[in-house]
1. Can you tell me which residue within the stretch 102-114, out of those that are open to solvent by less than 20 Å² (accessible area, probe 1.4 Å) and more than 22 Å from Gly77 (Cβ to Cβ), is nearest to ligand 1 (Cβ to nearest atom)?
2. Looking only at residues that are assigned to a loop (DSSP other than H, G, I, E, B) and over 17 Å from the mean Cα position of the chain (by Cα) in the stretch 42-75, which one is nearest to Thr3 (Cα to Cα)?
3. Answer yes if at least one residue in the stretch 71-87 is at positive phi and open to solvent by 30 Å² or more (accessible area, probe 1.4 Å), and no otherwise.
4. Scan the stretch 115-137 residue by residue and report those that are of a type outside the set (D, E, K, R), more than 16 Å from Gly77 (Cβ to Cβ), more than 11 Å from ligand 2 (Cβ to nearest atom) and not in a loop (DSSP other than H, G, I, E, B).
5. Only one of these is outside any helix (DSSP H, G or I), of a type in the set (A, V, I, L, M, F, W, C) and either within 16 Å of ligand 2 (Cβ to nearest atom) or modelled with pLDDT of 95 or more (or both): Val33, Val83, Val21. Name it.
Amino acid sequence: MQTTYIMIKPDGVQRGLVGEVITRFENKGLRLVGLKQIIPSNEIAEAHYAVHKERPFYSGLIDFITSGPVVAMAWTGVEAIKVARNLIGPTNGREAAPGTIRGDFAMDIGHNIIHGSDGEETAKYELELWFPDGIAEWQRDAESQIYE
Ligand code: DAT
Ligand code: MG
């Protein structure tokens, strides 16, 4: 089992795609173990994208991610990091295949709706950054909820 950090970016929130994105993750079979909406501070945005600090798009990226609310999530499943990246699609929305989140909803490289951790180390770093108090541990058991 892996847990991955997933974030709906300000464009996804503003465009009303939160439910759509969550539905795709739920339908796939991943389990939601963390969820909150926040307007990121510069500090957390810079820590999140520290790896891109020297890139020309970095300051625009920080401005974008701090421009409004994001939905920060943690999702668990077998190979959840790769599974989530496959659901999300490649960075550039115009090149992402239909059926992926970016392929279906994004037309640009920066405003691409959603972030997903790219490896185990990154996932650990990002989950600790965005969920410093930890995440929920629970097992799926619908039957015991349907019947009292
Ligand atoms: P991904 O989000 O697919 O993991 P990344 O880690 O390479 O992509 O880059 C992080 C974010 O930075 C990406 O979601 C959008 C932005 N970005 C990347 N390359 C860019 C570029 N050439 N121009 C503008 N924004 C870019
Ligand atoms: Mg990345």
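1. Among residues in the stretch 102-114 that are open to solvent by less than 20 Å² (accessible area, probe 1.4 Å) and more than 22 Å from Gly77 (Cβ to Cβ), the one nearest to ligand 1 (Cβ to nearest atom) is Asn112.
2. To start, the set of residues in the stretch 42-75 that are assigned to a loop (DSSP other than H, G, I, E, B) comprises 49, 53-57, 66-69.
Checking which are over 17 Å from the mean Cα position of the chain (by Cα) leaves us with 53-57.
Numbers: Lys53: 25, Glu54: 28, Arg55: 28, Pro56: 30, Phe57: 28 Å.
Only one residue tops the list, namely Lys53.
3. Yes, because at least one residue in the stretch 71-87 is at positive phi and open to solvent by 30 Å² or more (accessible area, probe 1.4 Å).
4. Those that are of a type outside the set (D, E, K, R), more than 16 Å from Gly77 (Cβ to Cβ), more than 11 Å from ligand 2 (Cβ to nearest atom) and not in a loop (DSSP other than H, G, I, E, B): Tyr125, Leu129, Trp130.
5. Numbers: Val83 fails: outside any helix (DSSP H, G or I); Val21 fails: outside any helix (DSSP H, G or I).
Val33 is the lone residue from the list that is outside any helix (DSSP H, G or I), of a type in the set (A, V, I, L, M, F, W, C) and either within 16 Å of ligand 2 (Cβ to nearest atom) or modelled with pLDDT of 95 or more (or both).
The values are calculated or read from the model by the stated rules, or taken from the named source; none is laboratory data. Given the structure is predicted, the values throughout are model-derived calculations rather than measurements. Note that we place each Cβ from the backbone using ideal geometry, even for glycine, and neighbour counts take in every protein chain shown. Keep in mind that these areas ignore ligands, DNA and RNA; they rest on the heavy atoms of the full protein, side chains included. Shrake-Rupley method; radii C 1.70, N 1.55, O 1.52, S 1.80 Å.
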